[in-house]
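The values are calculated or read from the model by the stated rules, or taken from the named source; none is laboratory data. The shown structure was predicted, so the numbers you read here are calculated from the model rather than taken from an experiment. All Cβ positions, glycine included, derive from the backbone under ideal geometry; neighbour counts span all protein chains shown.
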Amino acid sequence: MTKLFVLEPIIAEAQAALNTLDKKSLTELKALASPPAGVDDVTGAVLVLLGGGKIPKDLSWGGARKMMANVDQFLKQLQEYDKDNTPDIACGYCETNFISKPHFNVETMRSKSGAAAGMTAWVINICKYFRRHQSQELIMLEFFFLE
């Protein structure tokens, strides 16, 4: 119960981020021939998280546009993402290659694209949830073995 209580706000933030995404804003974003600076990092991070534990070879804007080709399906993928089973490699890759960049934050992305801002918040909160979930599991294992 404590575990859920600690993780609940992070889950809520990830869900709130998804609630900011809509078909219109995503359609406008994917229609761009080239995105504003940094938006390709956001879509690259989403590609990594949706990659199922394999880092996609194509993290380019072209790859992102393919990912968003069917906007309804893309939104469904984000909404149904299995946050409890985020691959460690995907989270680590996002933290090292995207989240660590100074422009990878909601405020900066909001000035470029509402859809990019929502995806930024989603990526950050999925990785934050994964790390907290992971540490909670370690604490529970330590407690179990110490008893």
| Looking at this structure, is residue 70 buried (at least 16 other Cβ atoms within 10 Å of the Cβ) and farther than 20 Å from residue 13 by Cα? | no
| Scan of the range 84-108 for residues that are under 12 Å from the mean Cα position of the chain (by Cα), of a type in the set (A, V, I, L, M, F, W, C) and farther than 13 Å from residue 124 by Cβ, ordered by number | 90
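When the residues of the range 25-52 are narrowed to those that are touching a helix residue (DSSP H, G or I) at 6+ places or on another chain (Cβ under 9 Å) and exposed (fewer than 12 other Cβ atoms within 10 Å of the Cβ), which ends up modelled with the lowest pLDDT?
From the range 25-52, those touching a helix residue (DSSP H, G or I) at 6+ places or on another chain (Cβ under 9 Å) are 25-36, 38-52; that's our starting set.
Then drop every residue that is not exposed (fewer than 12 other Cβ atoms within 10 Å of the Cβ), which leaves 31, 33-34, 52.
Working: 31: 94, 33: 94, 34: 95, 52: 91.
This residue is 52.
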| task | Tally the residues that are within 16 Å of residue 127 (Cβ to Cβ) and free of Cβ contacts under 8 Å to residues at least 60 places away in the same chain, restricting the search to the range 38-51. | result | 5
| query | Can you find even one residue in the range 12-19 that is under 12 Å from the mean Cα position of the chain (by Cα), in a loop (DSSP other than H, G, I, E, B) and not polar (S, T, N, Q)? | reply | no
| message | Restricting to the range 113-132, name every residue that is closer than 26 Å to residue 31 by Cβ and of a type in the set (Ser, Thr, Tyr). | response | 113, 120
| query | Would the range 36-47 turn up any residue that is outside any helix (DSSP H, G or I), under 23 Å from residue 111 (Cβ atoms) and of a type in the set (Ser, Thr, Tyr)? | reply | no
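Take the residues in the range 73-97 that are of a type in the set (A, V, I, L, M) and buried (at least 16 other Cβ atoms within 10 Å of the Cβ); name whichever of them is modelled with the highest pLDDT. Reasoning before the result, please.
First, the residues of the range 73-97 that are of a type in the set (A, V, I, L, M): 75, 78, 89-90.
Subset that is buried (at least 16 other Cβ atoms within 10 Å of the Cβ): 75, 78, 90.
Numbers: 75: 94, 78: 94, 90: 97.
By that ranking, first place goes to 90.
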